[in-house]
Amino acid sequence: MAARHPPYPLRPRASLGSAAVLLALLLTSLGAAAVPRPPAADYYERAVSAAQAGATLQGRLALEPLLHRPRLSREQRAFAYFLRGLLFYRDQLFVSAAQDYQRALEFDPGLAPAQNALAWLSLKGLGVAPNPRRARSLYARAARQGHEEALFNGAVLREQGIGGPVDLAGALAFYREAAEQGHEPSLLRAGELLAQGQAPEALAAPIEALLTTAAEAGLGEAAALLATLWAPRDAAQSSAWRLRAATAGVPRAQFELAAELEDGGKGLEALQWLKTAAKVGHEGAQRRLAWALESGRLGRRDLPEALRWYARAAAKDDPYAQTALARLKWTGQGLAQDQTGALTLLRKASAAGYQDAQRALAWHLATAANPELRDGAYARALAEPLAQASPTASHLAVLAAAHAASGDFAEALRWQKRALASAADPQPLQRALLAYERKELLLE
């Protein structure tokens with residue numbers, strides 16, 4: 001089975017920012033234990049300050065005296081090695097970083113940040129041989145201590161079956177624990193699995209409660225997931241969560257809300273939400289908005305604006321938008337006629353496997369009035385698989401035109417008669433039949 005991509009990017013080792021937080025916690029714990037603050041704390045602070053200023057070498061040098069101080073506790077020495085490991089990692093000296101993380105664990109086997117950092121190197125093969133199984137074990141050890149990054153990364157490895165068998169229940173337990181600490185990606189992934197019906201019943205209520213708390217605090221993605229969860233239970237409640245997510249700025253919720261409003265006959269409101277989602281790059285919204293502006297189905301027709309949205313979506317290789325823009329370019333609707341440019345767009349959309357583009361491209365190549373644009377062989381190569389897979393009147397008529405463009409009028413007549421036989425309204429196809437009987441091309 002091919003490896004699946006993680007649902008979220010795995011997060012790397014602890015950052016210097018988190019190291020500063022760890023340092024503050026460590027100093028607090030040292031004070032509570034009546035361990036003298038100097039001299040170790042001062043070294044830690046100088047190292048972090050130097051690294052945050054970009055002087056990682058100075059930061060590492062500041063830690064050197066601690067590594068050999070005989071009276072330093074094992075826990076303090078472990079933290080010094082861990083901190084120096086972070087600074088080595090910062091300079092991409094991965095072998096040294098791995099050695100220091102390992103040394104830290106020799107002095108303090110329970111140091112969760114070092115377990116988490118070494119797990120990352122083991123997973124990615126940075127400074128050590130790639131070892132997903134070891135990474136999974138290290139993440140589990142750190143996760144059992146509540147380490148947020150380890151909980152998330154360990155959950156991803158369990159969900160994807162990396163370094164061991166797939167363990168969805170274990171993954172969800174980790175996601176849930178991290179979510180309870182306020183880790184948003186963990187909460188959202190747990191919510192997605194719940195929405196997909198992959199979470200055990202025992203976790204459904206706790207995960208939904210966490211999503212509700214987050215949504216009420218303003219997390220739009222949580223509200224969007226709640227809209228999905230409520231859809232089969234209570235349409236009104238689902239709609240309320242969708243509106244909340246859309247208002248919070250979640251593009252997919254805005255797009256879904258537009259569809260809901262369109263179905264309810266509220267075209268102008270739907271158009272406004274489509275514009276909102278389209279402006280932040282939602283491709284489905286850009287396509288639908290362009291269509292709505294071209295057709296005038298949701299409000300006033302605005303072809304120039306429709307063309308702008310088709311162009312934006314087409315520039316991102318959206319095959320629907322490329323095909324629609326090609327249609328307008330071919331006939332010169334709203335812009336200068338550019339049949340060569342139209343064919344270029346259709347070729348791109350066809351290469352992506354978009355059947356409407358393949359059909360349109362085959363038709364234009366077979367029926368173009370400009371002989372320099374016609375290519376019967378290419379048209380036939382496009383039309384034959386379409387007619388074989390789906391022998392509709394439209395596909396059969398395109399194949400007939402392709403044969404005619406190749407000079408084979410007998411085949412053109414055969415396929416055109418089949419198209420007529422399967423057409424709901426054969427009248428539009430009669431003109432092509434008469435042309436092929438006269439051994440003439442049907443030209444646009």
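When 321, 258 are checked against the criterion of being out of contact with any Leu (no Cβ under 8 Å at 6 or more places or on another chain) and either assigned to a helix (DSSP H, G or I) or not charged (D, E, K, R) (or both), 321 stands alone in meeting it. Restricting segment 137-172 to residues that are of a type in the set (A, V, I, L, M, F, W, C) and surrounded by fewer than 19 Cβ atoms within 10 Å (Cβ to Cβ), which is nearest to residue 204 (Cα to Cα)? The extreme case among them is 169. For residue 302, the test of being without any contact (Cβ under 8 Å) to a residue 40 or more places away in the chain, closer than 28 Å to residue 353 by Cβ and charged (D, E, K, R) is failed.
Screening the candidates 375, 338 for the property of being crowded, with 18+ Cβ neighbours inside 10 Å and either out of contact with any His (no Cβ under 9 Å at 6 or more places or on another chain) or assigned by TED's automatic domain parsing to the domain that holds residue 440 (or both) yields one hit, 375.
Looking only at residues in segment 234-272 that are of a type in the set (S, T, N, Q) and under 21 Å from residue 218 (Cα atoms), the one that is nearest to the chain's Cα centre (by Cα) is 254. Could you check how many residues of segment 315-335 are surrounded by 22 or more Cβ atoms within 10 Å (Cβ to Cβ) and either among the polar types (S, T, N, Q) or more than 21 Å from residue 363 (Cα to Cα) (or both)? Count: 2. Taken together, the criteria place residue 353 among residues that are at pLDDT 95 or above, under 30 Å from residue 309 (Cα atoms), of a type in the set (Gly, Ala, Ser) and not in a helix (DSSP H, G or I).
Look at residue 243 and say whether it is in contact with an Asp or Glu (Cβ under 6 Å, 6 or more places away or on another chain), assigned to a helix (DSSP H, G or I) and in the same structural domain as residue 258 (by TED's automatic domain parsing). When the stated conditions are applied, residue 243 does not pass them. Within the option set 387, 404, 393, being within 38 Å of the chain's Cα centre (by Cα), closer than 19 Å to residue 444 by Cα and crowded, with 18+ Cβ neighbours inside 10 Å holds for one residue only, 393.
Of all residues in segment 80-95, those that are crowded, with 17+ Cβ neighbours inside 10 Å and over 21 Å from residue 153 (Cβ atoms) total 5.
Quick check: is even one residue across segment 81-91 more than 28 Å from residue 174 (Cα to Cα), among the basic types (Lys, Arg), assigned to a helix (DSSP H, G or I) and modelled with pLDDT of 90 or more? Within segment 81-91, one or more residues are more than 28 Å from residue 174 (Cα to Cα), among the basic types (Lys, Arg), assigned to a helix (DSSP H, G or I) and modelled with pLDDT of 90 or more. Pairs meeting the criteria (first residue in segment 424-435 and within 17 Å of residue 413 (Cβ to Cβ) and without any contact (Cβ under 8 Å) to a residue 60 or more places away in the chain, second residue outside any helix (DSSP H, G or I) and acidic (Asp, Glu), beta carbons under 9 Å, at least 6 apart or on different chains) are 434/440.
Picking from residues in segment 206-223 that are assigned to a helix (DSSP H, G or I) and without any contact (Cβ under 8 Å) to a residue 12 or more places away in the chain, the one that is farthest from residue 176 (Cα to Cα) is 216. When segment 148-168 is filtered for residues that are within 16 Å of residue 188 (Cα to Cα) and not charged (D, E, K, R), the ones remaining, listed by number, are 151, 152, 153, 154, 155, 156, 168.
Conditions (1) among the small types (Gly, Ala, Ser); (2) at pLDDT 95 or above; (3) under 25 Å from the mean Cα position of the chain (by Cα), marked per residue:
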| position | (1), (2), (3) |
| --- | --- |
| 106 | no, yes, no |
| 132 | no, yes, yes |
| 140 | yes, yes, no |
| 169 | yes, no, yes |
| 188 | no, yes, yes |
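Answer yes or no as to whether residue 104 is in a helix (DSSP H, G or I), crowded, with 24+ Cβ neighbours inside 10 Å, touching a residue at least 12 places away in the same chain (Cβ under 8 Å) and assigned by TED's automatic domain parsing to the domain that holds residue 137. Here the answer is yes, as residue 104 does meet what is asked.
Of 312, 301, all but one fail to be loosely packed, with under 15 Cβ neighbours inside 10 Å and closer than 30 Å to residue 248 by Cα; the exception is 301. Of the candidates 227, 199, 215, 223, the single residue that is at pLDDT below 95 and crowded, with 18+ Cβ neighbours inside 10 Å is 199.
The values are calculated or read from the model by the stated rules, or taken from the named source; none is laboratory data. Keep in mind that this is a model prediction, so the values were computed, not measured. Here the Cβ is made from the backbone with ideal geometry for all residues, glycine too, and neighbour counts use every protein chain on show.
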